[in-house]
DNA sequence: TTGAAAGCGATACCAC
DNA sequence: GTGGTATCGCTTTCAA
């Protein structure tokens, strides 16, 4: 067994650098640099020679050295709505967490917020694009309205990653979202199992013109149609993410449809729906499955009034989005254009695992602890980077 | 609105470095370095002065510079069993993925494997400790047998992170695992809902002396006891992760217990159990919930014979484990001692999202693509780092 | 016990 | 077009 000797063994045999390339080619490192970076003022022929040699020796730039020498910083814009905070605050935290772990590569996050999804997002995007930024993470509320600005970003060479939507039809580097169709059919399957295969279900959504909402309904309907002949949709309620509207419409529907066995709320707007159920004294008898997770929902899950909720993993969405931008900017790796996460099923028995991650103090950023003598290890109060991803 | 000017704005105002500290204190950077790193040969008084100033100015080392100048490399040992491959291969991939993304900080993975959980792990651990390694990730099969070696690791100053167990009672830096108790009660809750609150369930486990297995059973039993009065445990079968044993014992139990409504297999040993059910012509009528996910299980989920399986997220476990070691070694951040992941529920409707991640070609390591001219962006065939975490 | 200086591997200039 | 060289912030070594 090859037991390495203590001292010298841990020096690394250094990989080929630009200096080696320069030497073997008998040119200067400046020229190599020019070739590698497509910089102007270099002979086509030498450029090719350099590129080829780089290829064969397997040259890979030393990112530490690059960051150290180039004094410019990478600035990544993050535009998110303030509402719904329980979701987007976690997206932001996920982003900050990853950003943090790459701080030594000189990335900085420039954060902008606006009132709500689709409200002020155009202005914020415009502002960000004016702000000489290298990359951008956004949560498009109304993708179609953003299209022109997205084209502008493209022209400016600013890569944009969209979270919480697959934003088809607008230009972007990548999207990150929960698989909406899978989300819908997952609820269909849970509903089928929970109801023993029989019953009629009311679906409460936002508005069906939103791709995401449409896909969830379609997924749900497909699952029911293909696998659960005894299950049907009693009604589809569009509540437009409005509390009052959700409450009123649900009351009406429930009153006029007595034999409802289940309710599926496919947006975060579940509280008023549950209130309507309560008012009809139905919340115990009905099987309710909701979407997202926030403090007000916890007691409803605890009590069993909500059988399950579909968690859309905002923290992880943020992580992935930032990761994509970072790798693209720093390492020139183009991410997959569409990143679909698997939704999580949260029920009473695993609820606490998720709530723990939602405490405001659990932002999981030991590195932010600030100045400390390096020799003293700091035990961080919460979970490090990836660990938080469960939230 | 503060629109920054184009060119100069993106230079960063540099944070305080050891040079600044040296200057304001009127000493040399060498001395500052000695103070910051507790190196021998420095006056106690100056040391304190440096440390204090560092504290007040908020000194944070530039990791890029550190890595660049220190020519030593960090070597992290990874010891994993070859069986069960569907699980541990993914743990390894998760580790490699993170390692990859930190390659520019000079971490290297030294991989060792041995036949199966608990078989050869002592030798492998010994070998790793002999191999002058800086940190270690292991998957302890029999923690109690490893105790002396773990103590040795501790003495040698080698931090160890354990995956797939919370390995109580042995020394380690941290553990990463699915929350076994939550896993058990989650199955209890699913069972309760699926069976409509009535029926008797057979539990198939490995061996109850294994903490992890015990906790799952306890979680399951607790959930049933507290919330599902109509549900009971018909029998608990210890199959010791042996296929034949599982099959035989299950056959017997099922034959002698006619009124079984559900089966819970709390280890990956579910195939023989399902075969036993099939042989008794019960697989359709029973509600089966299993653990882990591997190719052979997919058709059983597809067909509905397995209602759900609890996915233990090997990929993420690997990521978190390596991340913990890395942060500890490089950034001196001590991770939380226990990292409990929330288990995922996989059913027919979201199965494909998980299977996609299990294809052997989907290792998600664009950076490994090898030498390429940097100016040419590479579109990676699969998902970048964090994205794969859903698998 | 301390100071001074030589790298690490890239970028960004200058001069030719 | 190309070569040379200062520079980034730190570690390391040698000299005082």
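Worth a mention:
- Candidates B:229, B:258, filtered to the one that is over 22 Å from the mean Cα position of the chain (by Cα), more than 30 Å from residue B:95 (Cα to Cα) and at pLDDT 95 or above: B:229
- Residue count, segment A:297-331 (criterion: away from every other protein chain (no Cβ under 14 Å) and closer than 22 Å to residue A:213 by Cα): 1
- Considering residues of segment B:51-80 that are farther than 28 Å from residue B:96 by Cα, touching a residue at least 12 places away in the same chain (Cβ under 8 Å) and surrounded by fewer than 18 Cβ atoms within 10 Å (Cβ to Cβ) only, the residue nearest to DNA strand C (Cβ to nearest atom): B:57
- Verdict on residue A:306 being crowded, with 18+ Cβ neighbours inside 10 Å and at pLDDT 50 or above: yes
- Filtered residues of segment A:278-291 (kept if touching a strand residue (DSSP E or B) at 6+ places or on another chain (Cβ under 7 Å) and closer than 25 Å to residue A:85 by Cβ): A:288, A:289, A:290, A:291
- Look at (1) within 8 Å of chain A (Cβ to nearest Cβ); (2) in contact with a strand residue (DSSP E or B) (Cβ under 7 Å, 6 or more places away or on another chain); (3) at pLDDT 90 or above and you find that residue B:11 fails only one, number (3).
- Unmet requirement for residue B:240, which otherwise passes all of (1) under 15 Å from residue B:84 (Cβ atoms); (2) not in a loop (DSSP other than H, G, I, E, B): (2)
- Single unsatisfied condition, residue A:275 versus (1) outside any loop (DSSP other than H, G, I, E, B); (2) within 16 Å of residue A:194 (Cβ to Cβ): (2)
- Pairs, first on the phi > 0 side of the Ramachandran plot in segment B:28-40, second part of a loop (DSSP other than H, G, I, E, B) and more than 8 Å from DNA strand D (Cβ to nearest atom), C-beta under 7 Å, six or more apart: B:38/A:375
- Positions within segment B:65-77 being in contact with a helix residue (DSSP H, G or I) (Cβ under 6 Å, 6 or more places away or on another chain), within 11 Å of chain A (Cβ to nearest Cβ) and within 17 Å of residue B:332 (Cβ to Cβ), in sequence order: B:65, B:67, B:74
- Any hit, segment A:212-226, residues being outside any helix (DSSP H, G or I) and in contact with a strand residue (DSSP E or B) (Cβ under 8 Å, 6 or more places away or on another chain): no
- Of all the listed residues (B:42, B:18, B:29), the sole one being within 19 Å of residue B:66 (Cα to Cα), modelled with pLDDT of 90 or more, surrounded by 14 or more Cβ atoms within 10 Å (Cβ to Cβ) and within 14 Å of chain A (Cβ to nearest Cβ) is B:18.
- The residues of segment B:65-86 that are away from DNA strand D (no atom under 16 Å from the Cβ) and out of contact with any strand residue (DSSP E or B) (no Cβ under 9 Å at 6 or more places or on another chain), listed by number, are B:85, B:86.
- Residue in segment B:195-206 that is assigned to a helix (DSSP H, G or I), surrounded by 15 or more Cβ atoms within 10 Å (Cβ to Cβ) and in contact with a helix residue (DSSP H, G or I) (Cβ under 9 Å, 6 or more places away or on another chain) present: no
- Check on residue A:264, in contact with a helix residue (DSSP H, G or I) (Cβ under 7 Å, 6 or more places away or on another chain), closer than 17 Å to residue A:310 by Cα and at pLDDT 95 or above: yes
- Per the listing A:189, A:171, the residue uniquely in contact (Cβ under 8 Å) with a residue 12 or more places away in the chain and surrounded by fewer than 20 Cβ atoms within 10 Å (Cβ to Cβ) is A:171.
- Residue check for residue B:92: more than 16 Å from DNA strand D (Cβ to nearest atom) and either within 11 Å of chain A (Cβ to nearest Cβ) or within 21 Å of residue B:166 (Cβ to Cβ) (or both): yes
- Of all residues in segment B:45-64, exactly one satisfies the criterion of being more than 9 Å from DNA strand D (Cβ to nearest atom), touching a helix residue (DSSP H, G or I) at 6+ places or on another chain (Cβ under 7 Å) and within 23 Å of residue A:64 (Cβ to Cβ), namely B:54.
The values are calculated or read from the model by the stated rules, or taken from the named source; none is laboratory data. Only a predicted model underlies this, so the values are computations on that prediction, with no experimental measurement involved. Every residue, glycine among them, receives a Cβ derived from its backbone with ideal geometry; neighbour counts consider all protein chains shown.
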